[in-house]
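Let me begin by presenting the structure, written as structure tokens, before commenting on it.
The values are calculated or read from the model by the stated rules, or taken from the named source; none is laboratory data. Worth saying up front: this structure is predicted, and the values here are computed from it rather than measured. Neighbour counts run over all protein chains shown; Cβ positions are idealised from the backbone, glycine included. For the accessible areas, the whole protein counts, side chains as well, though only heavy atoms, and no ligand, DNA or RNA atoms are used. Shrake-Rupley method; radii C 1.70, N 1.55, O 1.52, S 1.80 Å.
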Amino acid sequence: MAPSESALKTPDQLVQQHGITRVLAFGAHPDDIDFGAAGTIAGLTASGVQVTVCLLTSGDAGGFELGRDSAEMARLREIEQREASALLGVHDVIMLDERDGFVAPTDELVGKIVRVMRQVRPEVVIAPHPERAWDRLQKSHPDHMACGEAVVRAAYPFVENPFAYPELQAAGLEAFKIRHLLLTTAPQHQVNLRLDVTGQEAVKMAALRQHFSQHPDAARMEGFVLDQMRQIHAGDGFAEEFHWVTVNAADTISGF
């Protein structure tokens with residue numbers, strides 16, 4: 001059963017409730033995951049969960065320094081992401097080779113994502129939401145939605161179908177079932193889980209600061225993010241919000 005919209009629980013409570021040991025977080029660009037779920041990820045790793053980050057692009061089309069070429073920007077942003085992830089307790093960062101600004105949920109990309117999923121074998125997958133959020137369009141960069149769509153397609157049915165991408169099965173990467181999706185940047189009508197990350201807001205800000213190439217006004221960015229987290233909490237604390245989707249429950253029948 002999905003959590004109710006009024007639910008406010010901690011990452012550790014989510015871990016205990018669902019027996020989570022491994023989480024795989026996907027983002028289209030460096031800093032996507034940190035904006036959407038850094039507090040939650042810090043809480044998960046503090047609870048002993050192994051978290052792996054996978055980025056589809058290196059973010060070579062980002063930044064504000066016009067004199068920096070795309071190869072140098074990609075190199076810099078990968079370093080920024082690894083440093084940000086380390087602050088959250090994440091040391092496994094996988095970089096794919098999609099082109100920044102042109103991500104599309106192709107069969108090839110879905111296959112790459114299935115490969116990573118079968119390598120990590122997480123119970124929970126974090127990804128951007130595949131639907132556009134009209135309440136704040138900046139959440140819905142086309143790459144974010146394409147990333148979300150590709151991840152959802154991979155999570156069902158492809159990662160659990162041994163006949164899909166048979167070269168993966170032949171290489172020993174066996175099919176398995178994803179249990180849950182934790183989708184960031186969701187349209188408000190899809191939000192059904194708020195996680196209380198009070199106490200992790202400082203490490204989230206520290207992680208975001210590592211992406212210094214992306215923030216010409218870091219103080220304004222931090223103020224905006226903290227204000228959003230306070231509003232989500234709706235109390236004396238900080239929270240992050242998600243669309244929680246159960247892909248496979250105890251009573252799930254394949255194909256239904």
Lone qualifier among ALA71, ALA146, ALA86, ALA104 - being surrounded by 15 or more Cβ atoms within 10 Å (Cβ to Cβ) and hydrophobic (A, V, I, L, M, F, W, C)
ALA146
When residues of region 115-129 are limited to those that are over 21 Å from ALA38 (Cα atoms) and in contact with a helix residue (DSSP H, G or I) (Cβ under 7 Å, 6 or more places away or on another chain), the one most open to solvent (accessible area, probe 1.4 Å):
ARG115
Out of region 56-76, which residues are at pLDDT 80 or above and closer than 15 Å to GLY101 by Cα?
LEU56, THR57, SER58, GLY59, ALA71, MET73, ALA74
Expected single match for over 23 Å from ASP31 (Cα atoms), of a type outside the set (Ser, Thr, Tyr), part of a loop (DSSP other than H, G, I, E, B) and more than 17 Å from the chain's Cα centre (by Cα) among GLU167, GLU174 is GLU174
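Listed here are the residues, each with its yes/no results for (1) touching a strand residue (DSSP E or B) at 6+ places or on another chain (Cβ under 9 Å); (2) open to solvent by 40 Å² or more (accessible area, probe 1.4 Å); (3) of a type in the set (S, T, N, Q).
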residue	(1), (2), (3)
VAL191	yes, no, no
ARG194	yes, yes, no
GLN214	no, no, yes
ASP227	no, yes, no
GLU241	yes, yes, no
Which pairs turn up if I take residues in region 21-34 that are surrounded by fewer than 24 Cβ atoms within 10 Å (Cβ to Cβ) and look for partners that are part of a loop (DSSP other than H, G, I, E, B) and at pLDDT 95 or above with beta carbon separation below 9 Å, at least 6 apart in sequence or on another chain?
THR21/GLY48; THR21/VAL49; THR21/PRO122; THR21/GLU123; ARG22/VAL49; ARG22/ARG121; ARG22/PRO122; ARG22/GLU123
Return the residues of region 178-188 that are outside any strand (DSSP E or B) and either surrounded by 15 or more Cβ atoms within 10 Å (Cβ to Cβ) or in contact with a Lys or Arg (Cβ under 7 Å, 6 or more places away or on another chain) (or both); say none if nothing qualifies.
ILE178, ARG179, THR185, ALA186, PRO187
Can you say whether ARG220 is out of contact with any helix residue (DSSP H, G or I) (no Cβ under 8 Å at 6 or more places or on another chain), closer than 15 Å to PHE35 by Cα and open to solvent by 40 Å² or more (accessible area, probe 1.4 Å), as far as the supplied structure shows?
yes
Please determine whether any residue of region 153-164 is surrounded by 20 or more Cβ atoms within 10 Å (Cβ to Cβ), touching a helix residue (DSSP H, G or I) at 6+ places or on another chain (Cβ under 9 Å), within 23 Å of ARG118 (Cβ to Cβ) and in contact (Cβ under 8 Å) with a residue 60 or more places away in the chain.
yes
Residue check, GLY172 against (1) in contact with a Phe, Trp or Tyr (Cβ under 8 Å, 6 or more places away or on another chain); (2) of a type in the set (Gly, Ala, Ser); (3) within 27 Å of LEU109 (Cα to Cα), all met but one. Which one?
(1)
Among the candidates ARG132, ARG136, single out the residue that is open to solvent by 10 Å² or more (accessible area, probe 1.4 Å) and under 17 Å from the mean Cα position of the chain (by Cα).
ARG132
Is it the case that some residue within region 89-99 is open to solvent by less than 30 Å² (accessible area, probe 1.4 Å) and of a type outside the set (A, V, I, L, M, F, W, C)?
no
Counting only residues that are free of Cβ contacts under 8 Å to residues at least 12 places away in the same chain and either of a type in the set (Gly, Ala, Ser) or assigned to a helix (DSSP H, G or I) (or both), region 210-233 contains a total of 9
